[in-house]
1. Quickly run through the stretch 29-55 and pick out the residues that are among the polar types (S, T, N, Q) and either in contact with a strand residue (DSSP E or B) (Cβ under 9 Å, 6 or more places away or on another chain) or over 23 Å from residue 116 (Cβ atoms) (or both).
2. Looking only at the stretch 130-140, how many residues end up being exposed (fewer than 12 other Cβ atoms within 10 Å of the Cβ) and not basic (Lys, Arg)?
3. Checking residue 73 against (1) out of contact with any Phe, Trp or Tyr (no Cβ under 6 Å at 6 or more places or on another chain); (2) in a helix (DSSP H, G or I); (3) without any contact (Cβ under 8 Å) to a residue 12 or more places away in the chain; (4) surrounded by 13 or more Cβ atoms within 10 Å (Cβ to Cβ), only one condition comes out false. Which one?
4. Within the stretch 47-69, is there a residue that is under 24 Å from residue 144 (Cα atoms), out of contact with any Phe, Trp or Tyr (no Cβ under 7 Å at 6 or more places or on another chain) and of a type in the set (D, E, K, R)?
5. Can you tell me how many residues in the stretch 99-117 are of a type in the set (A, V, I, L, M, F, W, C) and free of Cβ contacts under 8 Å to residues at least 40 places away in the same chain?
6. So, restricting to helices (runs of 4 or more DSSP H) that lie completely within the stretch 1-69, which ones have at least 2 residues that are in contact (Cβ under 8 Å) with a residue 60 or more places away in the chain and either over 13 Å from the mean Cα position of the chain (by Cα) or surrounded by fewer than 16 Cβ atoms within 10 Å (Cβ to Cβ) (or both)?
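Taken together, the values in this text are just the output of simple stated rules run on the coordinates, not laboratory data. Owing to the predicted nature of the structure, the values given are computational and were not obtained by experimental measurement. Cβ placement follows ideal geometry from the backbone for every residue including glycine, while neighbour counts extend to all protein chains displayed.
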Amino acid sequence: MNQIFQRLSSVFLYTLPLKASIPFGYYLFYKYSFLKILLLLTFPIAIIEKSLPFGSFLLFIILFAGIVRNPNVSYFVRYNACQALLIDIALIIISYLLRIFPIVELGSIIFIFTLCIFIYSISQCIYGVEPEIPLISKSVRMQI
């Protein structure tokens, strides 16, 4: 039972970078309406972020201090939480770069790339395997 909870909580953690990638995919949401199902997956994260002042920052602090840096939490959940946070930070940096250099097509590519990472990560978490994402997984191992 404990492994099932760890796997499900790790899957839930990857909805954070998926929610951060949604602004990049608005054109794809308009063109392909079936992608709006992804909005339902990120709805709990959106409620948490919108209900609290500085919700996204508080969520980051809670996840980082409460899960990633907590040795009482299993390594599998800590690994996936740190990896989801690093993907989220990378998406924030990319969004600032796209504000400086507005390239519309790049936003759709970033959304598709993040969606692929999301699908890969949740499939690996369901199997109980740590998802290996190049560059990010190495940074995660240094953090934990």
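1. 51
2. Going residue by residue through the stretch 130-140, those that are exposed (fewer than 12 other Cβ atoms within 10 Å of the Cβ) are 134-135, 138.
If we keep only those that are not basic (Lys, Arg) too, we end up with 134-135.
So the answer is 2.
3. Of (1) out of contact with any Phe, Trp or Tyr (no Cβ under 6 Å at 6 or more places or on another chain); (2) in a helix (DSSP H, G or I); (3) without any contact (Cβ under 8 Å) to a residue 12 or more places away in the chain; (4) surrounded by 13 or more Cβ atoms within 10 Å (Cβ to Cβ), only one is false for residue 73: (2).
4. Within the stretch 47-69 (the criterion being under 24 Å from residue 144 (Cα atoms), out of contact with any Phe, Trp or Tyr (no Cβ under 7 Å at 6 or more places or on another chain) and of a type in the set (D, E, K, R)), the answer is yes, since at least one residue qualifies.
5. Residues that pass the stated criteria total 7.
6. Values: elements: 2-13, 15-21, 26-31, 37-41, 43-51, 55-63.
Hits in the stretch 1-69: 2-13, 26-31.
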